1. Among the listed residues B:A342, B:A388, B:A346, which satisfies the condition of being touching a Cys at 6+ places or on another chain (Cβ under 6 Å) and under 22 Å from B:D454 (Cα atoms)?
2. Would you point out which residue out of B:V337, B:V375, B:V357 is under 27 Å from the mean Cα position of the chain (by Cα), outside any helix (DSSP H, G or I) and hydrophobic (A, V, I, L, M, F, W, C)?
3. Mind telling me which of the residues B:R221, B:R175, B:R141, B:R195 ends up being at pLDDT 95 or above, in contact with a Phe, Trp or Tyr (Cβ under 9 Å, 6 or more places away or on another chain) and among the basic types (K, R)?
4. Grab the strands (runs of 3 or more DSSP E) fully contained in region B:214-292, keeping just those with 2 or more residues being touching a helix residue (DSSP H, G or I) at 6+ places or on another chain (Cβ under 7 Å).
5. Do the conditions hold for B:D137, that is, is it surrounded by 20 or more Cβ atoms within 10 Å (Cβ to Cβ) and assigned by TED's automatic domain parsing to the domain that holds B:Q379?
6. Which residues, counting only those in region B:119-172, are in a helix (DSSP H, G or I), of a type in the set (D, E) and either touching a Leu at 6+ places or on another chain (Cβ under 9 Å) or more than 11 Å from chain A (Cβ to nearest Cβ) (or both)?
7. Restricting to region A:50-84, name every residue that is more than 16 Å from the ligand (Cβ to nearest atom) and in contact with a helix residue (DSSP H, G or I) (Cβ under 8 Å, 6 or more places away or on another chain).
8. Going residue by residue through region A:101-120, is there one that turns out to be over 15 Å from the mean Cα position of the chain (by Cα) and within 16 Å of the ligand (Cβ to nearest atom)?
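The values are calculated or read from the model by the stated rules, or taken from the named source; none is laboratory data. Predicted, not measured: the structure shown is a model, and the values here were computed from it. We place every Cβ from the backbone using ideal geometry, glycine too, and count neighbours over all the protein chains shown. Protein only, heavy atoms only, side chains kept; ligands, DNA and RNA dropped before computing areas. Shrake-Rupley method; radii C 1.70, N 1.55, O 1.52, S 1.80 Å.
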Amino acid sequence: MTDKPQAARLRVATTSLAGCFGCHMSFLDIDERLFDLVQVVEFDRSPLTDIKHCGPCDIGLIEGGVCNAENVHVLREFRRNCKTLVAVGACAINGGLPAQRNHLDLGDCLQQVYVQRDGVEDGGVPDDPELPLLLDRVHPIHEVVRVDYFIPGCPPSGEAMWKFLTDLIAGRTPRLSHPLLRFD
Amino acid sequence: MDSSLETAEHRDHLRRVVIDPVSRVEGHGKVTLLLDDEDQVQEARLHIVEFRGFEVFIQGRPYWEVPVMVQRLCGICPVSHHLAASKALDRVVGAMAITASAEKMRRLMHYGQILQSHALHFFHLSSPDLLFGFESDVGQRNIVGVAAAYPDVARQGVLLRKFGQEVIRATAGKRIHGTGSIPGGMNRHLSVADRDALRSDVGRMVEWSRSAVELVKRLHRADPSLYDNFGRFRANMMSLVRADGAMDLYHGALRFRDADGKILLDGVPDQAYRGLLREQVKPWSYMKFPYLQQLGPEVGWYQVGPLARVQNCDSIPSPLAEAERREFIDHGAGEPVRATLAYHWARMIELLHTAEVIRDLLDDPDLLDGPLVAVGERQHEGVGIIEAPRGTLIHHYQVGDDDLVTMCNLIVSTTHNNQAMNTAVREVARRYLNGRKLTEGLLNHIEVAIRAYDPCLSCATHALGQMPLVLELADARGQVLERVVRD
Ligand code: SF4
């Protein structure tokens, strides 16, 4: 930490809903620029810290779509607390690969994996109250809350994340030039 | 299976404490503890709470899409899924052996993957616990805190990971979710420019990996009673080993050892895994509990990953890491090393090994030139097994004449460790939490034990979950007052 007063730094929270953590990894692909970044921002709730609930923040980065009740809860907590909310990557923007399940029959699939699959013992669909309720479809996050920015890519590159964040932190409207706007 | 503390005898009237989410791990998990009036832990469970759909929605897709799709299981170890799927599908296209160039490119990609993943896990996620203490200030206990207090350690960690990511980019085209490997081989060589750039850095990576091993050993020496006892329990071990018994993270046959270190099964071909393993389902987790069929679910569970691999192999085929392996084995004084925190030590030995392997591979001319794809007689089934950063990863597919996948079964590394992680949680709960007022720092002990496994909880949630939306209104005792179901 530097001797700068805490208040001078922007607070950033990040979370993964129904994502693969690839977007978080891509954020870490800013590599050693992470050390520059933490001079001007500090992390709130994030898989990188042990803060379990999002407090008031300037920027919230969301990876992944919404697939269960807990995702909805966390997403709303982020929206309530973050001035600017960003959908990072294909899953947050349109559900991404996990949304491939949206066209499949429900009960069948659970039965396949937890009951019928070769090698399964004591088959049965997990149903403990500790497991969050699944939604019947995976939803993009903008169907649940208002979203301020969308960064495409699966994942967006570390370069794209860096450009986006440095623009936002400097008070500019973030602009990604053509080579940074990718969808793969 | 060690089921003490798995399910409390009388679950009513117990106090529920939850750690949610388990942080500084990849994926979504939570721990619940049930405590009685004397603050004795009566039940402790690690729940895997998320669930996606890979095994089912891959069925019906053309097989050649699969190596690219399955990477989205996990953004930390996408290459492992990319390669395990490719290995299974090599067989489907009839490539019983792939070309030298393809295999070396895949190996380079894979060892780059393990290097970056191990660096990420140790430096970014786990080192704060080890450097500051399990009960240290939450505000400091993260990579930013490490960067402030130990700038060299943090910097080396970040640059080690960067190097691994660059190896992946150079072999797969992209740092995360690339496209280099295809059924039957690879679609690219290494460019001379990338080879030269990686070569100029790799010597430093070997040095820093050595420092990382030294750092872990220093931590062990400074507090042996903690490091040798925290989360210590008996477990079987499983990993792939090379035909001569040496460590090989890309290819080999399965070997099992029992909790005394005696070899139970050896030389099991990858295609035969189904005859060995079964998976138990428990209602409170979406992650299954695999076990060795011949031993049964009670005693047949096992550990995978660095701690198992370093002890399961007969040697490590690179000199610096081999010297470290010997020292590690000696530390056990004739017994397997069983302490949970020894995972970190073993992981850093592997980090050093991957850096050595990459250094040597980069000199190989086959990376730059030579045939890349092999084909043969089309088959309908294939199994691909690889040692992913977190342990043995199994992909199994059946493919129809129309090229569409008809069956997909995945047993990911973290799933193999499911029972071991639950046992570690219970062991730590029993030893450190019983009868005490639960503070954040005490609860972090539980997470430290889970973190040591480097669990990839999002990989582990590949099984499809789809249910009608159900809403339940429960009273404070957990009695359901009202239940609404929407189909
Ligand atoms: S967008 Fe891609 S990288 Fe990001 S979470 Fe989804 S699958 Fe992973």
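1. Residue meeting the stated conditions: B:A388.
2. B:V337
3. B:R221
4. Of the strands (runs of 3 or more DSSP E) lying wholly inside region B:214-292, those with at least 2 residues that are touching a helix residue (DSSP H, G or I) at 6+ places or on another chain (Cβ under 7 Å) span B:236-241, B:253-257, B:289-292.
5. No: the conditions fail for B:D137.
6. Within region B:119-172, B:D152, B:E166 meet the criteria.
7. Passing the criteria: A:D50, A:H53, A:C54, A:G55, A:P56, A:C57, A:I59, A:T84.
8. Scanning region A:101-120 turns up at least one residue that is over 15 Å from the mean Cα position of the chain (by Cα) and within 16 Å of the ligand (Cβ to nearest atom).
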